[in-house]
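My questions will all concern the structure given below.
The values are calculated or read from the model by the stated rules, or taken from the named source; none is laboratory data. Remember, it's a predicted structure, so these values are computed and weren't measured experimentally. Here the Cβ positions follow ideal geometry from the backbone for every residue, glycine too, while neighbour counts run over all protein chains shown.
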Amino acid sequence: MTFDRTIASLAVACGVLLVAAPIAPQWLLFLLALALAKGLVVLGLLLLMRTGLVSFGQGLYFGLGAYAAALLAHRGGLADAALMIVAGTACAAAVAAILGLLLARYREIFFAMLSLAFSMILYGLLVKSSALGSTDGFHVQVKHFAGIALAAGVERRVFYAASAIAVFFLGWALHRYLRSHWGRLSEAIRDNELRVEYLGASVYRVVYANYIIAAALAGLGGAFAALAVGHVDPETTYWTTSGEFVFIAILGGTGNVLAPFLSAAIFEALRTVASQYAPNVWQMALGVAMLAIIMFLPGGLWTLVRRRAA
Amino acid sequence: MSNFAAVVFDGVVYSSWLFLMAAGLTLIYGVMRILNIAHGSLYALGAYTAASLGGAWIAAGYAPAGSFAMLALAVLLVGAVMGPLIERGLLKWMYGKDEIVLLLVTYAVFLILEDAIKLVWGVESKLFSEPYALPGNFAIGALVYPVYNLVLIAVAVVTGLALSWALYYTRQGKLLLAVIHDREMSAAMGINVDRVYLATFTLGAMLAGLGGALTAPMIAVSPGIGVEVIVLSFAVVVVGGLGSLGGAALGALMVGLARSVAVRYWPEGELFIIYFVMALVLIARPKGLFSAPEARKI
Amino acid sequence: MNRIIHAALLACACVLAAGAALAQQPLRIGVVTFLSGPAAGPFGVPARNGFELVAEMTNAGQVPAPHNTKGFGGRPIELVIIDEAGGPQKQVAEFRNLAQRVDVVIGYISSGDCLAIAPVAEELRKLTVLFDCGTPRIFEDATYKYVFRTGPSGTMDNVSAALYALERNPNIRSIAGINQNYAWGQDSWTDFEAAMKALKPGIEVKTSQMTKLFAGQFGAEISTLLSSGADLVHSSFWGGDLEGLVLQGAPRGLFQKHLVVLSAGEPAINRLGARIPDGTIIGARGPFGPFAPDNDLNRWFKNAFQERYALPPNYAAYKATNALLGLKAAYEKAQKAGAATPNQDQIIAAFENLSFDGVGGQVRMALGKGHQAVMDNAIGTAKTVGGQLTIVDLKRYPAERVNPPEGLKSEAWIKSGLKK
């Protein structure tokens, strides 16, 4: 089996992250945890973008994952992080299985708009529900992981470590998927859908499957984000959050499964710095950065890495 | 009965406002295939410029009736300055790229303009209510309405008629239609597509500015008014079919009336009625109500 | 031998100097408030102005008694101000960063942010003073050691409004509401409706309009209210929405046909002035602005603020100031208890159950096991006199009348009929 640089880099990166888990300072851990969680969502977006679709509604699944995980602890009585993560992912995948039946028929702007519409419908439902705290949301307090009770102060490190491990396996899996039959079909669909149909493959089935995978990844990311922050609120389903994910996707480019995590980390770091030192112009800075990327690095930051490697 | 008339009237007022926003957006998409997210900032710019000019006019002591002229001036300024600035200065370099990439470019412009507006006008809200109160009130049944609402409806109707006349009965308009229909062919036929793009974007910017300027006397112009408008206008445009003026009008009417009915009889649902309508229309007619059939290129 | 004595003296001098330097090392206070977005204009920026003004005046020792020591008991203070915009997730990230750089954090206008931050402050063991957010849930749903709130919760606003409205208009038979459709608006309406029903059972609710936050345009909603025939219309609107409501509603007779209650309307007084029709009931979320009693501290604050910023202070500025003054009072009380440079635990011990003179009146940390403030409230009616909006028929309510007792949740207290 040939040496796959991506998998090796992924393994090294996750190894470093795991080593950092017990020793890194709190604020760095938090930044990385959020970057990993958002990176997972963007990983799903990467898959969709390779299929030629841009979703402006991943916030729907991000929020669903967060709320499902949080509700399991808050109302379901099962305050176990491992179960919460599974619940978040499963919930997002289930809803995607239903919505995907409809959405897989749409392309381009209409796919983007319809996915946006559904995420805003969930936003409206969450805001309307005072039982779920409406726009205030509610607190998520978890002390167990897979049945093991965690000492106070340790739980965040454990969740972070879990997300690093999840990222490794999912990154690997998606990398294999993109190189597999269905992955190649996805890219073919992006290039010319009609020809793929003529060749005998089912475009609808591939798009549907990819949509569910992207949603599941977003739900997982949402659950991890909820665990890291300790609080869920409807802002995660608002369209500007989905816009942020698209921005991170463009920033990193769709070249490699590592790109989403890299760009998510850079984005989080940039945003923290910008809001501390330039609170009045950080939106402008974001806009200018986006324009610069689109003009000079249309493949995203990853093309820098690839250029150097080549 | 007068209840029903009030609901319809409220719906029509809201639809007029939506139409002004949607018209510019749908034209820009139809001609240039760009879904202009910066439309929201242009709307906000129109509102702020109108509030500043109007406020200065009133403060200088001139006749309040003249403040309407300030509204018109604001619209012209926003369109004439921002249109060419964005189109020539930025978009020109991006043509040929993917539609979604262009959408992200306009999203970037939106972010930049939002902060620029805040830097220029600050965070305090601006009030410019003289034109709103000036024309007086009228009544539908027991309910009192400001005549300004009629002004809004009138402007929307006149704009819609003027636009469709310009599009279908003037030479320039027909050139625009040709470019909407098939850009490559139009360029091959000798139409200066670049100029058509510039003209369209400027016109779209003016329409957004018009929406903002007309709204300014009704509200407190404050940061963030652009954000709300974007999603609303998108929903209307998508419902009506991208690139279709008639679709924008019908979409605006549907959304406005649906909202008005929701406010009266089901206030809780008002928050997501518009997305319901959008989702329903898209499910029934995937490309919007008035979308033209597109030939697929193999 | 001489050299050793010299060295020892030098070492002592160094230690003393270091000690003195440490005492003079400024206390770093992180301040989190809205600097961008729609909440900046009405609340965030006035609050920031209040913080900056009072911090400067405190360091110069120019605040009237009993706060006239320089700095906090001789120690100068330094503010590190960051933006509250971006939502709870982002604010939690910012808080974790800020907590490393400062000794205390004061902040948070949005209830969502307060609810998200409080557990994080507890986790990081960082003294945090919430100054504005309204939700009573903070200390009713949980207990905190490191979190304090120097501003009364939002329950007080709507209970006072209900009491005032019924006292002056006992014949009210129906009510309607127009509130923003998010936690603040929903909670305000729920509290007001429950209070009205508790005080006058059988009162009818004609319609409850819940508008999209920052919708700005309320044509259809105003028509619905006007057709509803309600005697009273309640609104907890703020910022652009409130100004839009007045601008669009007044010409249509909304304020003539109904008794309008603006439970958080005080900041609009500076902005809209005489445009607010006579007879409107206005609340300031506490005895702030035009509701502040006339004493040295209040007069000083109003004049200093007006002089610096060309505008009178609104309730956000008052509450910001109270947070600083409360922290100062706690610090100095801890000093009197023996520690020259009190550490966090000592400040916390002094802060619990503290009573101090704030701008607007006395602030007592009486709820939430000594962590949640109560103040008296004041409500009045708007009347334009000589072109200026003034407040007439001002009524003060003692804190116990309009705040729930310790241990009882606001919702349950209102439903029980506001029992003491």
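Which of (1) more than 7 Å from every other protein chain (Cβ to nearest Cβ); (2) touching a residue at least 60 places away in the same chain (Cβ under 8 Å); (3) surrounded by 15 or more Cβ atoms within 10 Å (Cβ to Cβ); (4) over 18 Å from B:SER222 (Cβ atoms) is the odd one out, the single condition B:PRO135 does not satisfy?
Every condition holds for B:PRO135 apart from (2).
Which of (1) of a type in the set (S, T, N, Q); (2) more than 19 Å from the chain's Cα centre (by Cα); (3) under 16 Å from C:GLU140 (Cβ atoms) does C:GLN372 not meet, given it meets every other one?
Looking at each condition in turn, C:GLN372 falls short on (2).
Got a sec? Which of B:LEU250, B:LEU175 is modelled with pLDDT of 85 or more and either β-branched (Val, Ile, Thr) or under 27 Å from B:ARG285 (Cβ atoms) (or both)?
Criteria check complete, one pass: B:LEU250.
Mind checking which residues of segment A:1-56 are of a type in the set (Lys, Arg) and either outside any helix (DSSP H, G or I) or modelled with pLDDT under 90 (or both)?
A:ARG5
Give C:ALA23, C:ALA60, C:ALA65 a once-over and let me know the one that is modelled with pLDDT under 90, of a type in the set (Gly, Ala, Ser) and out of contact with any helix residue (DSSP H, G or I) (no Cβ under 8 Å at 6 or more places or on another chain).
Among C:ALA23, C:ALA60, C:ALA65, only C:ALA23 is modelled with pLDDT under 90, of a type in the set (Gly, Ala, Ser) and out of contact with any helix residue (DSSP H, G or I) (no Cβ under 8 Å at 6 or more places or on another chain).
Could you please find all residues in segment B:161-177 being surrounded by 17 or more Cβ atoms within 10 Å (Cβ to Cβ) and without any contact (Cβ under 8 Å) to a residue 60 or more places away in the chain?
Answer for segment B:161-177, where residues must be surrounded by 17 or more Cβ atoms within 10 Å (Cβ to Cβ) and without any contact (Cβ under 8 Å) to a residue 60 or more places away in the chain: just B:LEU175.
Residue-by-condition table, conditions (1) surrounded by fewer than 18 Cβ atoms within 10 Å (Cβ to Cβ); (2) charged (D, E, K, R); (3) over 28 Å from A:TYR123 (Cβ atoms); (4) more than 14 Å from chain B (Cβ to nearest Cβ):
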position	(1), (2), (3), (4)
A:GLY222	no, no, no, yes
A:GLU244	no, yes, no, no
A:ALA265	no, no, no, yes
A:GLY287	no, no, no, no
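What residue, among those in segment C:217-236 that are in contact with a Gly (Cβ under 8 Å, 6 or more places away or on another chain) and part of a loop (DSSP other than H, G, I, E, B), is farthest from the other protein chains (Cβ to nearest Cβ)?
Applying the filter and picking the extreme gives C:SER236.
Okay, moving on. Tell me, which residue of segment B:40-96 that is of a type in the set (S, T, N, Q) and more than 14 Å from every other protein chain (Cβ to nearest Cβ) is surrounded by the most Cβ atoms within 10 Å (Cβ to Cβ)?
Among those that are of a type in the set (S, T, N, Q) and more than 14 Å from every other protein chain (Cβ to nearest Cβ), it is B:THR49.
Mind checking whether some residue in segment B:98-110 is within 10 Å of another protein chain (Cβ to nearest Cβ), surrounded by fewer than 19 Cβ atoms within 10 Å (Cβ to Cβ) and touching a Ser or Thr at 6+ places or on another chain (Cβ under 7 Å)?
Looking through segment B:98-110, none of the residues is within 10 Å of another protein chain (Cβ to nearest Cβ), surrounded by fewer than 19 Cβ atoms within 10 Å (Cβ to Cβ) and touching a Ser or Thr at 6+ places or on another chain (Cβ under 7 Å).
Give segment C:296-338 a look and list any residue that's touching a helix residue (DSSP H, G or I) at 6+ places or on another chain (Cβ under 7 Å) and outside any helix (DSSP H, G or I), or say none.
Selection gives C:LEU311, C:PRO312, C:PRO313, C:ASN314, C:ALA337.
Pull up segment C:67-87, narrow it to residues that are under 21 Å from the mean Cα position of the chain (by Cα) and at negative phi, then point me to the one that is nearest to the other protein chains (Cβ to nearest Cβ).
Checked segment C:67-87; the qualifying residue nearest to the other protein chains (Cβ to nearest Cβ) is C:ASP83.
Run C:ARG252 past the list (1) among the basic types (Lys, Arg); (2) at the interface with chain B (Cβ under 8 Å from one of its Cβ atoms); (3) over 17 Å from B:TYR132 (Cβ atoms) and report the number of the one that doesn't hold.
With respect to (1) among the basic types (Lys, Arg); (2) at the interface with chain B (Cβ under 8 Å from one of its Cβ atoms); (3) over 17 Å from B:TYR132 (Cβ atoms), C:ARG252 is out only on (3).
Taking the stated definitions as given, is C:ALA121 over 21 Å from C:PHE139 (Cβ atoms) and in the same structural domain as C:GLY50 (by TED's automatic domain parsing)?
It is false that C:ALA121 is over 21 Å from C:PHE139 (Cβ atoms) and in the same structural domain as C:GLY50 (by TED's automatic domain parsing).
Also, I was wondering about something else. What is the one condition in (1) among the polar types (S, T, N, Q); (2) surrounded by fewer than 24 Cβ atoms within 10 Å (Cβ to Cβ); (3) touching a helix residue (DSSP H, G or I) at 6+ places or on another chain (Cβ under 9 Å) that C:ASN169 does not satisfy?
(3)
Right, here's the next one. Within segment A:137-154, work out how many residues are in contact with a strand residue (DSSP E or B) (Cβ under 9 Å, 6 or more places away or on another chain), within 10 Å of chain C (Cβ to nearest Cβ) and of a type outside the set (A, V, I, L, M, F, W, C).
2
Turning to a different aspect of this structure: So the check is Cβ under 6 Å with 6+ separation or different chains; which pairs have a first residue in segment B:30-57 that's under 23 Å from B:MET70 (Cα atoms) and a second one that's of a type in the set (Lys, Arg)?
From segment B:30-57, the pairs are B:ALA51/B:LYS126.
I've got another one for you. Which of the residues that make up segment B:171-226 are within 14 Å of chain C (Cβ to nearest Cβ) and at positive phi?
B:GLY224
Name every residue in segment B:118-132 that is crowded, with 19+ Cβ neighbours inside 10 Å and closer than 23 Å to C:PHE255 by Cβ, in order of residue number.
Of everything in segment B:118-132, those that are crowded, with 19+ Cβ neighbours inside 10 Å and closer than 23 Å to C:PHE255 by Cβ turn out to be B:SER125, B:LYS126, B:LEU127, B:PHE128, B:SER129, B:PRO131, B:TYR132.
Could you check how many residues of segment A:192-208 are in a helix (DSSP H, G or I), surrounded by fewer than 17 Cβ atoms within 10 Å (Cβ to Cβ) and free of Cβ contacts under 8 Å to residues at least 40 places away in the same chain?
5
Determine, yes or no, whether B:VAL231 is within 13 Å of the chain's Cα centre (by Cα) and either of a type in the set (Phe, Trp, Tyr) or within 14 Å of chain C (Cβ to nearest Cβ) (or both).
Against the criterion (within 13 Å of the chain's Cα centre (by Cα) and either of a type in the set (Phe, Trp, Tyr) or within 14 Å of chain C (Cβ to nearest Cβ) (or both)), B:VAL231 qualifies.
Which residues, taken from segment A:191-220, are within 14 Å of chain B (Cβ to nearest Cβ) and either of a type in the set (Lys, Arg) or over 14 Å from A:ARG50 (Cα atoms) (or both)?
Scanning segment A:191-220 gives A:LEU194, A:ARG195, A:VAL196, A:GLU197, A:TYR198, A:LEU199, A:TYR204.
State all residues of segment C:162-197 that are more than 12 Å from C:HIS234 (Cβ to Cβ) and polar (S, T, N, Q); if no residue qualifies, say none.
Answer for segment C:162-197, where residues must be more than 12 Å from C:HIS234 (Cβ to Cβ) and polar (S, T, N, Q): C:ASN169, C:ASN171, C:GLN180, C:ASN181, C:GLN186.
Same structure again: Please specify each residue of segment A:106-124 satisfying the condition of being more than 7 Å from chain B (Cβ to nearest Cβ) and touching a Ser or Thr at 6+ places or on another chain (Cβ under 9 Å).
Result: A:PHE111, A:ALA112, A:SER115, A:LEU116, A:SER119, A:LEU122, A:TYR123.
Looking at (1) of a type outside the set (D, E, K, R); (2) touching a residue at least 40 places away in the same chain (Cβ under 8 Å); (3) within 11 Å of another protein chain (Cβ to nearest Cβ); (4) outside any loop (DSSP other than H, G, I, E, B), find the lone condition where B:ALA22 falls short.
B:ALA22 satisfies every listed condition except (3).
Taking the stated definitions as given, is A:VAL86 surrounded by fewer than 24 Cβ atoms within 10 Å (Cβ to Cβ), more than 20 Å from A:HIS139 (Cα to Cα) and not small (Gly, Ala, Ser)?
no
Would you mention how many residues in segment C:182-192 are outside any helix (DSSP H, G or I) and either crowded, with 24+ Cβ neighbours inside 10 Å or more than 14 Å from chain A (Cβ to nearest Cβ) (or both)?
0
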